[in-house]
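Below is one structure; the comments refer to it alone.
Coordinate-derived values only; no laboratory data. Quick caveat: nothing in here was measured; it's all calculated off a predicted structure. With ideal geometry, Cβ positions are generated from the backbone for all residues, glycine too; neighbour counts draw on all protein chains shown.
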Amino acid sequence: MHDQRTSSWFAVLRPNTHSIILTRILLGTVLLAVPAQAQSLFGARLFTDATLTTPGLVGSYVNRSLESVTATDDWRVTQVISGTRIDTNIAFTTGTWGRRADVGITGGSEANWDYFSVQWDGYLQVTQAGQRFATASDDGSRMWIDLDQNGAFEPEELLINCWGRAQGLSIRERTVGLPVGAYPIRIQYYELGGANEFYLVSSTWMPRPFVPSAGNPRQAIRVIVLNFEPRIPSEGNRRLWEVFGWNDPRRLVQQFEADLEWMTGGAIDVQIVEWRELDEFPLFTEGLRYTPEQ
Ligand SMILES: [Ca+2]
Ligand SMILES: [Ca+2]
Ligand SMILES: [Ca+2]
């Protein structure tokens with residue numbers, strides 16, 4: 001099923017990869033993160049201290065979801081911190097956050113933490129010039145990088161990835177390409193329910209802006225969406241994506257549309273002209289069709 005949440009210069013590959021991912025690869029998607037190897041950061045390293053000696057960021061955990069906290073303050077000052085931990089690799093799939101008790105989290109289960117937040121602080125050492133950075137998160141996140149290295153996080157040094165509501169794994173804003181150097185960094189993340197994933201990601205890739213001309217106008221692509229949403233009788237007729245806690249296909253399609261337009265530099269205009277809801281499984285070319293109980 002199409003549960004991937006990806007962006008044009010970035011894709012998170014989970015164990016089942018799907019046609020959306022393949023489409024993006026064909027279009028020049030730069031793959032950056034493969035959570036199985038828990039590696040998402042390229043051309044940069046993280047340290048807890050200004051002397052760049054201890055790898056990782058210091059995670060200050062909060063035993064509730066702070067999605068409604070719009071104030072962009074330092075949670076170590078304004079919130080009750082339930083535990084701290086040095087996280088050496090800021091790349092978490094739902095099941096790889098560790099033991100909740102280590103950082104005072106009580107929501108959810110060991111395999112799927114719920115209703116918690118974390119603020120990471122430390123230093124980002126850019127080792128390869130031109131890297132751009134973003135967060136990819138389920139649910140929301142925001143990140144400051146002290147781009148001008150003046151020791152303070154100004155408003156323009158804040159990137160926000162859909163703060164304040166539930167979201168599937170997504171990426172929005174990216175930094176400019178950063179010169180080699182060390183930058184103070186702060187990341188805040190919250191999880192409501194369902195999957196909880198977070199990646200700090202990097203890439204040098206940027207789309208080339210499209211300049212339309214008389215002989216080469218912007219192309220409209222008219223799309224019919226065939227939305228296979230089989231309902232599962234043994235699960236109270238809930239839809240497959242609800243049973244498995246995957247992303248809502250409607251939101252995925254919206255994000256995919258926006259990403260396609262962005263990654264072509266505006267050369268195409270995706271127009272969804274028809275949406276068909278199909279309570280069935282797709283028929284594969286070799287004739288296979290899954291049944292609900294499979
Ligand atoms: Ca969760
Ligand atoms: Ca600054
Ligand atoms: Ca979630």
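Cβ neighbours within 10 Å, averaged per peptide: list 100-112, 137-149 in order, most packed at the top.
Per-residue mean Cβ counts within 10 Å order the peptides as 137-149, 100-112.
Please report, in whole Å, how far the alpha carbons of the stretch 30-163 spread along each principal axis, starting with the longest.
Here the Cα extents, ordered largest to smallest, are 40, 34, 30 Å.
Give the average over all directions of the projected area of the C-alpha convex hull of the stretch 85-194, one decimal, in nm².
About 7.0 nm², averaged over all directions.
Can you pull the semi-axes for the stretch 183-259, root of five times each eigenvalue of the Cα gyration tensor, sorted largest first, whole Å?
Its equivalent ellipsoid spans semi-axes of 34, 27, 7 Å.
Please report the spacing between the Cα centers of the stretch 59-87 and the stretch 163-225 in Å, no decimals.
Centre-to-centre distance over Cα atoms comes out at 24 Å.
What angle, in degrees between 0 and 90 and rounded to the nearest 10, separates the Cα long axis of helix 249-263 from the longest principal axis of the Cα atoms of the chain?
Computed tilt is about 70 degrees.
At a 10 Å Cβ-Cβ cut-off, how would you order Phe42, Phe47, fewest neighbours first?
Phe42, Phe47
Among Val243, Val176, which comes first, then next, by fewest other beta-carbon atoms within 10 Å?
Neighbour counts put them in this order, fewest first: Val176, Val243.
Which whole-number percent gives the relative contact order of the stretch 32-203, counting Cα pairs below 8 Å spaced six or more residues apart?
30 percent
Could you tell me the relative contact order of the stretch 219-278? Use alpha-carbon pairs under 8 Å, at least six residues apart, and round to a whole percent.
58 percent
In percent, what relative contact order does the stretch 116-205 have, based on Cα pairs under 8 Å that are 6 or more apart in sequence?
Computed over the stretch 116-205, the figure is 48 percent.
Percent of Cα-Cα pairs more than 25 Å apart in the stretch 143-294, please.
Counting every Cα pair in the stretch 143-294, those more than 25 Å apart make up 53 percent.
With each run of n ≥ 4 DSSP H residues scored as -39500 (n - 2.57), what mean residue ellipticity at 222 nm is computed for the chain after dividing by its residue count and rounding to the nearest 500 deg cm²/dmol?
-3000 deg cm²/dmol
Run through all the Cα pairs of the stretch 40-109 and give the fraction in each 5 Å bin from 0, expressed as whole percent.
In order of increasing distance, the bins hold 3, 13, 20, 23, 21, 15, 4, 0 percent.
What is the fewest-to-most order of Phe198, Phe92, Phe244 by other Cβ atoms lying within 10 Å of their Cβ?
Phe244, Phe92, Phe198
Across all directions of projection, what mean area in square nanometres is found for the Cα convex hull of the stretch 219-278?
4.3 nm²
Under the Kirkwood approximation for Rh and a Cα-based Rg, what ratio Rg/Rh is obtained for the stretch 137-194?
Value, to two decimals: 1.03.
Net charge around Gly108, counting only other residues with Cβ within less than 15 Å of its Cβ (Lys, Arg = +1; Asp, Glu = -1)?
-4
What is the log10 of I(q)/I(0) for the chain, computed with the Debye formula using one identical point scatterer on each Cα and no solvent, at q = 0.15 Å⁻¹?
Debye intensities relative to I(0), on a log10 scale: -1.22.
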